[in-house]
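Contents: one structure, followed by commentary.
Read-outs: derived from the displayed coordinates by stated rules, not from any lab. Predicted model only: the values in this text are computed from it and were never measured. Ideal geometry is used to build each Cβ from the backbone, glycine not excepted, and the neighbour counts take in all protein chains shown.
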Amino acid sequence: MTVIRTMALMDGQPEARVDAQPGASVTAGPAATSRSRFVRAARGEAVDRAPVWFMRQAGRSLPEYRALRAGTAMLDACRDPDLVTEITLQPVRRHAVDAAILFSDIVVPLVAAGVDIEIVPGVGPVVAKPVRTLADVEAIKAITCADVEFVATAVGQLVAELGATPLIGFAGAPFTLASYLIEGGPSREHALTKAMMHGEPELWRRLLARLATITAEFLRTQIAAGASAVQLFDSWAGALSAADYENHVLPHSRSVFDALGEGTVPKIHFGVGTGEFLHLMRAAGADVVGVDWRVPLSEAAHRMGPGAIVQGNLDPALLLAPWPVIEDEVRRILADGRRAVAEFGAAAHIFNLGHGVLPDTDPEVLSRVVELVHASQQ
């Protein structure tokens, strides 16, 4: 496959290309991006405007993505470094966002660990043999960087292409991965997951400890290859009470962040419907906490305490509304982000959605949102 890549310069900075190879040193990406608005904001440093990127910006809504992916299964695309590189670059080219996020899927490390999973179009990840016993847990092997070498290769290629634009790596959090493994696929109630959590606490602990080890290695691989930041997605943690999160989930998310070490790259934590325990998600060890659309950014900063860095939180469904509605909401969120800093001690605000880009979103609308955020001063 021939891929033509022409990168626009971000942040008005001179081009800073890195001659990175797959598995390049840990400082390759961060060295080139350390003064970018996104990285500075993710470290809690003052910036002249909020940086902006979108969850699920790589793929889904872009016609060029759909054309490139035609005939290629999702997991096959995630294991093709050239496809991953091109798909990750597409929204940076089109929208001029302040950061790229690696195109992948949260089940990629599970497949590398020997779990039989198929991503079924219109359904999501489907597990052939759901986890029910300790033997099932022990069958999930630990992974090494060699098991996900294709990810390191893609990250290395992206670092070379992106130059001064940061690349965000990502992984699914232990709870969200566990919910797929136990339920056998997507679930609304997470009934089997909660039943194991409370009814078989030792089996639960062993499963989440194994998943935390796998997740940490997956993120370390991305950091070592040059990612400038990482985000841990706990997409379904909002199904839990604050007490259940604190007692049964937080320790395992913390172990992932702890394994990445202090002072490496900024770490982001995100979940949907987690407004009641944002302070606990911060306590897990994140530098930045993503906030969905249900909680105002200023209130989120108040709940998390001084020094929090908030990310969010435009409702992705509103991107389907008329432009005047979107414009008013973007301006309101930017103003609320400034209020979070001025009145509630937040260190910074990173503009994003409250969840991922919906497939029916008009790409031109996303580009207009980026332009509006870029035109807004702190």
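Counting beta carbons within 10 Å around each of E329, E217, E371 and listing the fewest first gives the order E371, E329, E217. Stretched out straight at 0.36 nm per residue, the stretch from R43 to Q377 would grow longer than its current Cα-Cα span by 118.3 nm.
Arranged from fewest to most other beta-carbon atoms within 10 Å of their beta carbon, Y245, Y65 become Y65, Y245.
Taking the centroid of alpha carbons for each part, segment 196-270 and segment 150-193 are 11 Å apart.
The simple spin-label model puts a point 7 Å past each Cα toward its Cβ; for R332 and A142 those points are separated by 5.0 nm. Listed by chain and number, the lysines placed with their C-alpha closer than 22 angstrom to that of K267 amount to none; residues fewer than eight positions away on the same chain are left out. The label point for R205 and the one for A321, both projected 7 Å from the Cα toward the Cβ, are 4.7 nm apart.
Here the Kirkwood formula puts the hydrodynamic radius of the chain at 20.6 Å, using every distinct Cα pair. From the phi angles alone, apply the Karplus equation (6.51, -1.76, 1.60; θ = phi - 60°) to segment 185-195 and give each ³J(HN,Hα) in whole Hz, x where the residue is Gly or Pro. Values, residue by residue: x, x, 9, 8, 8, 6, 5, 5, 5, 5, 4 Hz.
Modelled label positions at E246 and E276, each set 7 Å beyond Cα in the direction of Cβ, lie 1.2 nm from each other.
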